[in-house]
Each structure stands twice: as structure tokens, then as C-alpha cells.
Amino acid sequence: MSLSTLRAVALDGARDAAFLSPARWPAEPHDRLADHGYDVFEYAVSADARLYADGAVRPPATTGTVSCTTRVLVVRPVADETFSGRVHVELLNPSTGHDFPMYWPDLAGHLIRRGDAYLGMTCKNVTVEALRRMSPERYGDLSFPHDGAVWDLLGSLAATLRSQHGGGLLPGLREPARILATGWSQSGSFLRTYLSEGLHEQHCAETGRTVVDAFLIGVSSGGFGPMGYVNVDRHGEMAFDADLRPVGGRLGQLPMDDARRTVGGSRVPVMEVMSEDEALHHLWHRRPDSDVPGDLYRCYQLPGRGHESGLLEESVRAADHAQARAHGPGGADASGGIEVPGGVDQAPLLRHRASRYLLAAAVESLLRWADGVAAPRVDPIAVMARPGSRLDADGLDHSGTYVLRDPDGHALGGMRHLDVDLPLARTRRAPDGPMTIGTWHREPFGPAELARRYGSPERLRRLASEQAWRLAERGCCLPEDVADTVEDFCRSAGRF
């Protein structure tokens, strides 16, 4: 059996009824998609998927097949003349027990101004079942019998998009010129598995063409034991404590010294984007950047940013959260194990406004690389190991690693931005927070300190503009974003 053909059926009323439809989010640019020439669509997509066995063979041996029907959320230009030809496919994060978007919210403004299309795929049994509970009449026909179906489903989805109208998923649009696949946190690790197990290469061979042009693995470290590498045959959920240690025993996972935990050997560009949290976990599995044909790789690490500090305030998604909670396993009065990052039950997370500019620059560098222009190299965050420290066999205890910092406490190295180069506050991870995914705080400088450092708002703006252009030259900001970067930064300075 080779890669299966994907069959798509449109679900009605996606703009208002689809779970995670950004048209339901009361914040720019989501609430004005129509003004930008965009609309929201949703499809039930079906295919037969092979299941694979963990082992020493690459690509892995098959153990059987399952028939799956999952859903794909599509946000796209309505008219072909405004379509850029670029498609972004996100494996929606399943760690909260329901679909959680970690790419579209931070990149929406950039994708819309470019005319790119976005697809988010539900990619795990637990999230399919959550959709079925939320809306049996809409999602009752979905079925994801085994989590190992995700590998062939991703390949089938990307291969199906390689045609006019996207195989029915992009009606009215021409054949995409570039397809970028991304996953964040747990679903970022799915992509690490997909690449390291040789499944992308297998799918390319089976279809006779490149399936995915570029991969972006977000906030996922191969050195984070239980989720840094998702075994190709893994199925089902496991409970974790606040430090993400498995509850009720050790998790069956790939050994920490297994070479598959480090991405390599891809003939299409692969970029890993990590926050400062993942940089700590990743020291033992860090590898050099590479421009060698057959091993195209970059790692961009973002100082002063935590694992979950995206741009979108979760209150914007109140309708989605309410729907998920009301239809959890225990009903409306139980959480059902669902945790909403930064949601109503937790203190608000630090929102990192520079993310929109950093990630837009990273994405553009990656897609230009797919067109043949090598992405800039960025020094990693300076992470060190304490004398005598060793790699934890479970990949959970990273207390032996630490970050080198400047006098303000900000990390050295990484993909620089104005908040760390011209600090207006001290941004730091709380020492008493969770061990693996930190809680980040911003402590603004007072008027006297701002005046001591920068003199006046006018001088701060001049310094920020000069530095932003230097960052653009290094690939840390797009030239077209320099003015907005400076404006956002100076607006956050407070009073001198």
C-alpha cells in the first residue's frame, strides 16, 4: 500500500460554527477576515492510513491500516488573484485535550498580508473525540482509531493539496507553489518523528514529487523526554503532573541518547524555533546549522520568551473554551482534564508582542530557503552545563543546565529583538514555577530608570529605529515590519 488519496467533504457554516474558527474571535485581524478577502471553511477528510512499528528500520515497517476521518479548518483568500500560492499546514496541538492553535494566532496578520492560505488539522484520537462530544451533529462522523494514523494523514493532506483547487480543499485557487508544515509543542514533536523516521522521504518517493517544501518545528525540544520524541507507534493519553512527569510510572519513550531525537538528513529545509524554555532542554541534543544538500537545517531560539507566551489573549477565544469545557468528559461542571493555558483558571501568561515580528521573519527565511536562498544563521542562546551534570535518563530534570545572562538578566545569544537589546523591563522566568515549562513575568522599569538609560522618549525611539534596522539586516525582523516594531516597542515604554 502507498499513500492514500484524501477525500474531502465540506461542513456547512464554518465561519460561525467551526471550533476554532478565527472569525469568531473578537480581535484584529480575525474579526475582519472578510475585509481582507478571507473566509473560513471546514472539511471532513477521510483516508486509509498505515500504522507503523517502532524499531531499527527506516522507514518503519507497517503493522496494518486504519480508515480515518478527521477535520481540517481552512482560512484562505476567496479570490485566486489575491492568493500567494503558499499554504501553511498546522497539526493542531492536542495537549489540552482539544485542538489548540499555536501558529495561526501569532502569524495571522503576516499570512493575511501575504495572501497565504492556512489549514489546521485535528491530528489525534483525543481531540477527535472532543470534537464529537462538542457537536455530535457536526463532528459525529469523525473517527481517529489510532494516533499512529497521523503520519500518513499528514502526507495525504499535503499530497492532496498539490493540485489545482487543492484537491477540493482550496476551491477556486490554483495549485500551491509552496507547502509549509508546522506543529508546535507536542505536535511539533510529531514532525520530528515524521522526519526522523524517514516517512517524509517515503511519501515523496510514493508520490513521485516533494510532499512538503519546508518544515517549521515550534517550541519542541528533542531533549524533553516524554514529549520531545513521540514514538511512531504511540497511541493513547497519559496523565502528567505540573512538572510534566508521568503520573503512575515511567512513560515508555525513546531513549534519550537515540539519534532520532536530533533532526537531520532532510533534503527540504527544516527550522526549529524554540523559546528560552526549550533552549534549556535542548543542550544535549543541539546540532550545528547546515546548508549541506540533503541536510538543510536551522535552529532559531528566542530569548525572553516562554513556551506558551503567544500573542493571542485566551479571552478572545472565550466561545471555544466554553464549548470545550461544557462538553468535556465530565460535562459542564467538570474540567475533564482540559487545561486552558492562560485561561480563566490560571494567572494570565506574559504575552510577547515581539513574537509577531520574530516569527514572520523566521517563516519568510524558511520559505525563501525553499526557493533556494539559504536562511540566515542565528547564534543559539548561550546555555551551559554545570560541572558534573549529566543528561537525565528520563529527559525531565534539566537543573544541570543554565543560561548565560547580561546584567539585566536577559539571555545572551538567540534571535534578538528590541525587548532584550534595549530593555524597558526585566523579563524573567519565575524560579518557583513548573520545572519544564516556566511561568514568565515582566517587571517594567520606572520613570527614573528609563530616563537614566535613554534620556527621553525621542532618544529611545531613535535608538530603537537604529537597532531595528540592524536586526532586519541579520534576519531577525522583516524590513516591512521595522516601523511597526519600533512603534509597538516605544508604546510599551511607559512614562519617563
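Please treat every number below as a calculation from the coordinates, not as lab data. A quick note: this is a predicted structure, and the numbers were derived from the prediction, not measured. When we count neighbours, we look across all protein chains shown, and the Cβ atoms used for this are built from the backbone with ideal geometry, even at glycine.
Ranking of Thr160, Thr207, Thr182, Thr5 by neighbouring Cβ atoms within 10 Å, starting from the fewest: Thr5, Thr207, Thr160, Thr182.
Per DSSP H run of at least 4 residues, take -39500 (n - 2.57); add these up for the chain, divide by its residues and hand me the 222 nm value, nearest 500 deg cm²/dmol. Write out the running numbers ahead of the final one.
On the way: 15 runs with 135 residues, N = 496.
Per the formula, -7500 deg cm²/dmol.
Near Phe240, the amide H atoms lying under 5 Å from its own belong to Val247; only residues 5 or more places off or on other chains count, and H is placed 1.01 Å from N. The antiparallel fraction among DSSP beta bridges confined to the chain stands at about 60%.
In percent, how large is the relative contact order of the stretch 20-112, given Cα pairs closer than 8 Å and 6 or more residues apart? Walk me through the numbers before you get to the answer.
Values: 104 pairs, mean separation 24.1, N = 93.
Value for the stretch 20-112: 26 percent.
What order do you get for His282, His30 when you list them from fewest to most C-beta neighbours inside 10 Å? Don't skip to the answer; put the middle values down first.
Working: His282 27, His30 24.
Fewest-to-most Cβ neighbours within 10 Å comes out as His30, His282.
For the chain, complete DSSP H runs whose alpha carbons reach 20 Å or more along their own long axis and whose mean Kyte-Doolittle score is 0.5 or higher are 355-370.
Sort His352, His321 so the one with the fewest other Cβ atoms within 10 Å of its own Cβ comes first. Present the calculation step by step, with values, prior to reporting the outcome.
Working: His352 23, His321 18.
So the residues, fewest neighbours to most, are His321, His352.
Non-local amide H neighbours of Thr65 (under 5 Å, H modeled in plane, Pro and chain starts lacking H): which ones? Under 5 Å from the amide H of Thr65 lie the amide H atoms of Leu51, each far enough along the sequence or on another chain. The residues packed around Leu478, meaning those with a beta-carbon under 13 Å from its beta-carbon, carry a net charge of 0 if Lys and Arg are +1 and Asp and Glu are -1. Once backbone amide H atoms are built at 1.01 Å from N, Gly304 has Glu276, Ala411 as its partners under 5 Å, excluding neighbours fewer than 5 places away on the same chain.
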